[in-house]
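**Student:** Okay, handing you the structure first.
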Amino acid sequence: RRISKNPNADVGKVVEILAKSFDYVIIDTAPRLTGTFPSVMEQAGTILVVATPEVPCLKNSRLMLDTLNGTSPHRDKIKVLLNNPYRTKSTSQEQAARILDRPVFWHVPFDSLAVQSVKEGKACIELKARAKISRSLVDLARTISGEGPAPKKILGLF
């Protein structure tokens, strides 16, 4: 089949086909509200706006959220994920929520395993399933899927 003159429509069709074939489809888009973004957003069950807790990123994320809130009939699908990839002191989760004027849905904590993961080209959970970041990402996936966070295991002698 030939690609149409409207690549955005083609992306929408691909997402539609994927959604029929798989329970979950994850799409990482550019941080722009043009191009393929609108067709992908139409079909999304959840839209995660990922921000790091630095003021410039929070400012840009706030602008994106304001634009999405003003133009989107899908406000209830839009959630904020705060990614803390650095050990340095940064804006707290509460301060970030205030700046974004929206609650933080999920917070991915700092874990040096993330750097190792990138260097080795493997998922954090492959390298160390019990690491803080691995558990957080698994709990995020379980929460979005409706399963809720994994039950806490009690370690002990019994």
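**Student:** Can you give the accessible area of residue 37 in Å² (nearest 10), computed on protein heavy atoms with a 1.4 Å probe?
**Tutor:** The accessible area comes out at roughly 20 Å².
**Student:** OK, next. Can you show me the helix-derived [θ] at 222 nm for the chain, built from DSSP H runs with n ≥ 4 at -39,500 (n - 2.57) apiece and divided by the number of residues, rounded to the nearest 500.
**Tutor:** -14000 deg cm²/dmol
**Student:** Tell me, what does the Kirkwood hydrodynamic radius of the chain come to in angstroms if you use every pair of distinct C-alpha atoms?
**Tutor:** One decimal place: 17.8 Å for the Kirkwood radius.
**Student:** Tell me which residues come under 5 Å, amide H to amide H, from residue 80 once H is placed; ignore anything under 5 positions away on its chain.
**Tutor:** 49, 105, 106
**Student:** Under a Cβ-only charge scheme (Lys and Arg +1, Asp and Glu -1), can you give me the dipole magnitude of the chain about the Cα centre, in debye to the nearest 20? Please report the intermediate quantities before stating the final value.
**Tutor:** Numbers: 24 positive and 15 negative charges, 50 e Å.
Dipole magnitude for the chain comes out near 240 debye.
**Student:** Round to the nearest 0.05 the FRET efficiency obtained for residue 122 and residue 10 when R0 = 25 Å and r is the Cβ-Cβ distance.
**Tutor:** So, using R0 = 25 Å, E works out to roughly 0.20.
**Student:** Another question, then. Between residue 87 and residue 110, what is the label-to-label distance in nm when each label sits 7 Å out along the Cα-to-Cβ direction?
**Tutor:** Each label point lies 7 Å from its Cα, and together they span 0.8 nm.
**Student:** Take the residue pairs 59/79; 89/132; 77/128; 13/59; 59/89 and return only those whose Cα atoms are more than 21 Å apart. Could you put the intermediate results ahead of the total?
**Tutor:** Values: 59/79 16 Å; 89/132 18 Å; 77/128 31 Å; 13/59 33 Å; 59/89 18 Å.
Check vs 21 Å cut-off fails for 77/128; 13/59.
The values are calculated or read from the model by the stated rules, or taken from the named source; none is laboratory data. Because the structure is predicted, anything quoted here is derived from the model rather than measured. Please note: Cβ atoms are built from the backbone with ideal geometry, for glycine as well, and neighbour counts cover all protein chains shown. Surface areas here come from the heavy atoms of the whole protein model, side chains and all, with no ligands, DNA or RNA. Shrake-Rupley method; radii C 1.70, N 1.55, O 1.52, S 1.80 Å.
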